[in-house]
Amino acid sequence: MLERKTMTLNLQEGEMVVLDRLAERKGLTKTALIRQALRLYQSVEERLEQGQKFFFEHPVSKEKSELLVL
């Protein structure tokens, strides 16, 4: 089994509200949601390092907007 480590995460009120709402909407615990977000961010970073770009496309107009990651 993988070794687990514990950390404390201090969030502002608004950030905690967002975390609570997303976790509830996705049916996940807050911990599971944060793990999922880390995997997503890692995937985005890897693709950006390869020179790829991320776009959102409007389903009707097909207008595209690029996602910029700082």
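Quick note: the coordinates plus some simple rules give every number you see, no bench work behind them. Here the structure is a predicted model, which is why all the values come from computation and not from measurement. Backbone-built Cβ (ideal geometry, glycine too); neighbour counts: all protein chains shown.
Just want to confirm a number: the relative contact order over the chain, from Cα pairs under 8 angstrom separated by 6+ residues, in percent. Numbers along the way, then the final one.
Values: 25 pairs, mean separation 9.9, N = 70.
In percent, rounded to a whole number, it is 14.
Label-point separation (nm) for Val18 and Lys64, each offset 7 Å from Cα along Cα-to-Cβ?
It works out to 2.6 nm between the two label points.
How are the Cα pair distances of the chain distributed, in percent, across 10 Å bins from 0?
With a bin width of 10 Å, the distribution comes to 15, 31, 38, 13, 2.
Nearest 10 degrees is fine. How inclined is helix 13-26 to the longest principal axis of the chain, computing both from alpha carbons?
Its long axis makes an angle of about 80 degrees.
Using label points projected 7 Å from each Cα along Cα→Cβ, tell me how many nm separate Ser43 and Thr8, to one decimal.
Label-label distance for Ser43 and Thr8, simple model: 3.3 nm.
Cβ under 14 Å from Tyr41's Cβ, Tyr41 left aside: what net charge do those residues give with Lys, Arg +1 and Asp, Glu -1? Mind dumping the intermediate values first?
Details: positive: Arg35, Arg39, Arg47; negative: Glu45, Glu46, Glu49.
Result for the local shell: 0.
Springs between alpha-carbon atoms under 10 Å, Gaussian network over the chain: tell me which of Glu24, Glu45, Glu57 tops the mean-square fluctuations.
Glu57
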